[in-house]
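**Student:** One structure follows; several queries about it will come next.
What follows is calculated from the coordinates using simple rules that are stated; it is not laboratory data. No experiment lies behind these values; they were computed from the predicted model shown. Using ideal geometry, Cβ is built from the backbone for each residue, glycine included, and neighbour counts are taken over all protein chains shown.
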């Protein structure tokens with residue numbers, strides 16, 4: 001394609017004009033503001049459909065595995081937060097408001113019905129019964145074998161041994177089997193007693209005071225105490241295990257359906273809302289658009305201009321325009 005001198009001059013003039021205009025901070029602010037004024041009036045349903053949104057989420061989040069670099073960065077940021085020197089000088093009460101703790105304590109303490117159902121479920125679990133049986137059995141055995149009285153009072157030790165021998169003779173079994181047999185026969189009664197004791201011990205008032213006392217004990221501890229419970233050196237492994245769980249669940253039909261229905265419910269509630277309201281949900285308003293975001297965009301546009309990227313991209317479109325048949329015919333008419 002032969003070059004047209006006038007067209008080349010026009011293209012260069014327009015490129016110079018674009019460079020000059022977009023080099024001005026005021027231009028960027030103005031254009032950003034104008035775009036926001038247009039966007040804020042648009043309804044969600046007029047810009048994006050539900051199908052477009054869910055397809056993007058499914059493709060980029062559910063169907064795409066997280067990169068190994070991202071997993072490493074998550075682990076590194078958690079490690080950095082845990083070993084930060086500020087943790088030695090900052091107490092738990094510095095970062096957690098006491099009023100919130102008190103609200104949580106009152107809420108938990110008030111849920112007596114939930115708590116009683118939880119206790120009932122626990123004490124009626126076979127694992128709990130086995131644990132209580134073993135605990136009682138070992139406690140009785142230990143008492144018989146290591147009684148303080150039997151050690152300090154002359155003759156009592158011999159009496160305790162003789163009593164154990166009699167029990168073994170009478171039951172035709174050893175003491176452990178005798179105690180175990182008794183506990184198995186009475187485990188239902190023991191479970192009911194445990195449930196009653198736990199409900200009495202964890203009534204609303206006692207549970208509230210227990211939580212309050214616990215807070216007063218831990219609130220003055222430095223945040224660095226967390227390192228006693230989180231192994232910093234094991235973070236790559238523990239974060240990796242969490243990632244394995246996500247890798248599995250993201251591919252399950254269960255999560256796909258949950259995400260689909262959740263996004264559908266959100267879209268149904270918001271499809272007729274304007275972007276102004278949607279952006280306000282994210283604390284994005286005109287002031288942020290005009291000041292903060294435009295300031296972030298300014299250095300990007302500066303690089304776009306200084307590296308001649310804007311000129312190169314704009315030139316390709318301007319050449320297509322000016323050398324099109326329509327414009328060429330106009331120029332011929334002008335001659």
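**Student:** Inverting the mean 1/r over all pairs of different Cα atoms, compute the Kirkwood radius of region 251-327 and quote it in Å.
**Tutor:** Value: 17.2 Å, from the Cα pair sum.
**Student:** Quick check for you: which residues of region 303-323 have the amide N under 20 Å from the point 7 Å beyond the Cα of residue 23 toward its beta carbon?
**Tutor:** 303-316
**Student:** Moving on to the next point. Where does helix 126-146 land angle-wise versus the long Cα axis of the chain, in degrees 0 to 90, nearest 10?
**Tutor:** Result, in degrees: 40.
**Student:** By counting other Cβ atoms within 10 Å of each Cβ, how are 330, 136 ranked from fewest to most?
**Tutor:** Final ranking by Cβ density, sparse to dense: 330, 136.
**Student:** Any chance you could run the full-extension gain for residue 99 through residue 321? It's 0.36 nm times the residue separation minus the Cα-Cα distance, nm to one decimal.
**Tutor:** 73.3 nm is the gain from fully extending residue 99 to residue 321.
**Student:** Between residue 107 and residue 287, what's the calculated FRET efficiency when r is the beta-carbon distance and R0 is 22 Å? Round to 0.05.
**Tutor:** Calculated value: 0.05.
**Student:** Another one. Find how much the distance from residue 209 to residue 77 grows on full extension, using 0.36 nm per residue of separation minus their present alpha carbon separation; answer in nm with one decimal.
**Tutor:** The residue 209-residue 77 span can extend by a further 43.9 nm.
**Student:** Shifting gears a bit: Using only Cα atoms, find the angle between the long axis of helix 235-249 and the longest principal axis of the chain, and express it within 0 to 90 degrees, rounded to the nearest 10.
**Tutor:** Result, in degrees: 80.
**Student:** Once the Cβ-Cβ distance between residue 296 and residue 84 is put in as r, and R0 is 22 Å, what FRET efficiency do you end up with, to the nearest 0.05?
**Tutor:** 0.25
**Student:** Moving to a separate point now. Please give the length that would be gained between residue 258 and residue 138 if that part of the chain were fully extended, namely 0.36 nm times their separation in residues minus their C-alpha to C-alpha distance (nm, one decimal).
**Tutor:** Once the chain is fully extended between residue 258 and residue 138, it gains 38.3 nm.
**Student:** Tell me whether region 180-225 comes out rounded, prolate or oblate; compute the Cα gyration tensor, take square roots of the eigenvalues as a ≥ b ≥ c, and use a/c under 1.5 as the rounded threshold.
**Tutor:** Since a/c reaches 1.5 but b/c is at least a/b, the shape of region 180-225 is classed as oblate.
**Student:** Using Cα atoms only, what is the angle between the long axis of helix 156-171 and the major principal axis of the chain, expressed in degrees (0 to 90) to the nearest 10?
**Tutor:** So the inclination is approximately 80 degrees.
**Student:** Next question, about the same structure. Report relative contact order for the chain in percent, whole number only (criteria: Cα-Cα under 8 Å, sequence separation at least 6). It would help to have the intermediate numbers written out before the result.
**Tutor:** Details: 172 pairs, mean separation 148.6, N = 335.
Here the relative contact order equals 44 percent.
**Student:** Under a plain spin-label model, where a point goes 7 Å from the Cα along Cα-to-Cβ, how far apart in nm are residue 249 and residue 269?
**Tutor:** So the label points at residue 249 and residue 269 sit 2.1 nm apart.
**Student:** Viscosity 0.890 mPa s, temperature 25 °C: Stokes-Einstein D of the chain from its Kirkwood Cα radius, in µm² per second?
**Tutor:** Using the Kirkwood radius from Cα pairs, D works out to 82 µm²/s.
**Student:** Could you identify which residue out of 111, 256, 320 has the top mean-square fluctuation in a GNM of the chain using Cα springs shorter than 10 Å?
**Tutor:** 320
**Student:** I've got another one for you. Per the Cauchy relation, a quarter of the hull surface: what is the mean projected area of the convex hull of the alpha carbons in region 1-144, in nm²?
**Tutor:** Projected over every direction and averaged, the Cα hull of region 1-144 covers 24.5 nm².
**Student:** Can you compute the FRET efficiency between residue 34 and residue 56 using 1/(1 + (r/R0)^6), with r the Cβ-Cβ distance and R0 = 30 Å? Round to the nearest 0.05.
**Tutor:** E between residue 34 and residue 56, to the nearest 0.05, is 0.65.
**Student:** Same structure, new question: Only counting other Cβ atoms within 10 Å, I'd like 96, 83 sorted with the fewest neighbours first.
**Tutor:** 83, 96
**Student:** So, one more: Fewest Cβ neighbours within 10 Å first, please rank 91, 64, 178 accordingly.
**Tutor:** Values: 91 15, 64 10, 178 18.
If I rank by nearby Cβ atoms, fewest first, I get 64, 91, 178.
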